[in-house]
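Okay, structure first, notes after.
The values are calculated or read from the model by the stated rules, or taken from the named source; none is laboratory data. Every value quoted in this text rests on a predicted model; they were computed, and no experiment measured them. Glycine gets a Cβ as well: all are built from the backbone with ideal geometry, and neighbour counts include every protein chain shown.
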Amino acid sequence: MSMSIVLASKSPRRRELLESLGWDFVIEEPDIEEKAAPGEAPDVMVRRLACEKAHEVFCRSPRCWVIGADTAVVAGCAVLGKPYDREDAVSMLKMLQGRKHTVMTGVALFAPDGRRDVVCEKTDVTFRKLSDEEIDAYIACGESMDKAGAYAIQGAGSLLVERIEGCYFNVVGLPLERLSEMFSALGRPLLKQWGNCR
């Protein structure tokens, strides 16, 4: 059975997280439309999109381990993806400031034999109260535009956060502990040797 790992994602944050584990892996960008279906709950959406990403890449890279993921920020009834422009980023950060929101990441893992596991990890994040000047300054630093919810917890966005409840790596974009459990459930414990794993 092949031991190759394929990350089905365009996200540099997910790539960096897997690199931090010392894995040898390749990246194959999935070609799917990333949008919610009418009336679809956020947790259902992120699981579905993660599975579609992994499946599309698995069909191109059979007999590999394929990881797909999708992240959404949920504040009340609003599902926040990546901002369209600066004004959208300002609106998102004003919505999040001074309150709790939930980061949901759907993760799909396809085994070389076609078996799969699909989960949704949830982490609660509370922002401190922010002034308009602080929001403007954060957006000016350049982190907002390609991040769900318009912030990056692993960067300057950490200064916006008052409290986190759950998996930090989930907020970055890939819950590593849950991924470890998924590999084990499909018969390949994460800490076994993977190529040049340190």
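Within the bounds of segment 152-162, is there any residue that is surrounded by fewer than 14 Cβ atoms within 10 Å (Cβ to Cβ), within 18 Å of Met95 (Cβ to Cβ), modelled with pLDDT of 95 or more and among the acidic types (Asp, Glu)?
Looking through segment 152-162, at least one residue is surrounded by fewer than 14 Cβ atoms within 10 Å (Cβ to Cβ), within 18 Å of Met95 (Cβ to Cβ), modelled with pLDDT of 95 or more and among the acidic types (Asp, Glu).
Out of Glu121, Glu162, Glu181, Glu133, which single residue is out of contact with any helix residue (DSSP H, G or I) (no Cβ under 9 Å at 6 or more places or on another chain) and part of a strand (DSSP E or B)?
Glu162
With the requirement that a residue be surrounded by fewer than 20 Cβ atoms within 10 Å (Cβ to Cβ) and touching a Ser or Thr at 6+ places or on another chain (Cβ under 9 Å), what does segment 102-118 give you?
Thr102, Pro112, listed by residue number.
Filter segment 163-198 down to the residues that are loosely packed, with under 13 Cβ neighbours inside 10 Å and either among the basic types (Lys, Arg) or closer than 23 Å to Ala78 by Cβ (or both), then identify the one that is modelled with the lowest pLDDT.
Here the residue is Arg198.
Give the number of residues within segment 1-28 that are assigned to a loop (DSSP other than H, G, I, E, B) and touching a helix residue (DSSP H, G or I) at 6+ places or on another chain (Cβ under 8 Å).
Residues flagged as assigned to a loop (DSSP other than H, G, I, E, B) and touching a helix residue (DSSP H, G or I) at 6+ places or on another chain (Cβ under 8 Å) within segment 1-28 amount to 4.
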